[in-house]
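The values are calculated or read from the model by the stated rules, or taken from the named source; none is laboratory data. Remember, it's a predicted structure, so these values are computed and weren't measured experimentally. A quick note on method: Cβ atoms are made from the backbone with ideal geometry, for glycine too, and the neighbour counts reach across all protein chains shown.
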């Protein structure tokens, strides 16, 4: 993968993880599967799990451990009010930069 693509994707991981958890809680592998539905956002375990851990440590996610029907217990993640606020803030900024990038790439100069 080209370096610039990896850097761009790396900057979007937190936004994507929070967006996946907006609707409902999910365990780590489910988050990976949902991200993989968009080919260009298929982040690996070594990227997603540390982000989940950091977001939980920062109070953005609540973690619930529950038995798994297949193997070790699963860690389920859900947005906290702080995480929902972060997601709203990130989406607002995302919309702003999309607009500005569209202007730049179309050659608009206001």
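The selection criterion, being part of a helix (DSSP H, G or I) and in contact (Cβ under 8 Å) with a residue 12 or more places away in the chain, does not hold for residue 99. The set of residues from the stretch 62-80 being surrounded by 12 or more Cβ atoms within 10 Å (Cβ to Cβ) and more than 18 Å from residue 32 (Cα to Cα) comprises just one member, 80. For residue 71, indicate whether it is modelled with pLDDT of 95 or more, assigned to a loop (DSSP other than H, G, I, E, B) and farther than 18 Å from residue 94 by Cα. For residue 71, the condition - modelled with pLDDT of 95 or more, assigned to a loop (DSSP other than H, G, I, E, B) and farther than 18 Å from residue 94 by Cα - is not met.
Matching residues to (1) within 12 Å of the chain's Cα centre (by Cα); (2) within 16 Å of residue 16 (Cβ to Cβ):
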position: 32; (1), (2): yes, yes
position: 35; (1), (2): yes, yes
position: 40; (1), (2): no, yes
position: 46; (1), (2): no, yes
position: 57; (1), (2): no, no
position: 64; (1), (2): no, no
position: 70; (1), (2): no, no
position: 75; (1), (2): no, no
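Filtering the stretch 16-30 to residues that are crowded, with 16+ Cβ neighbours inside 10 Å and out of contact with any strand residue (DSSP E or B) (no Cβ under 7 Å at 6 or more places or on another chain) leaves 16, 17, 19, 30.
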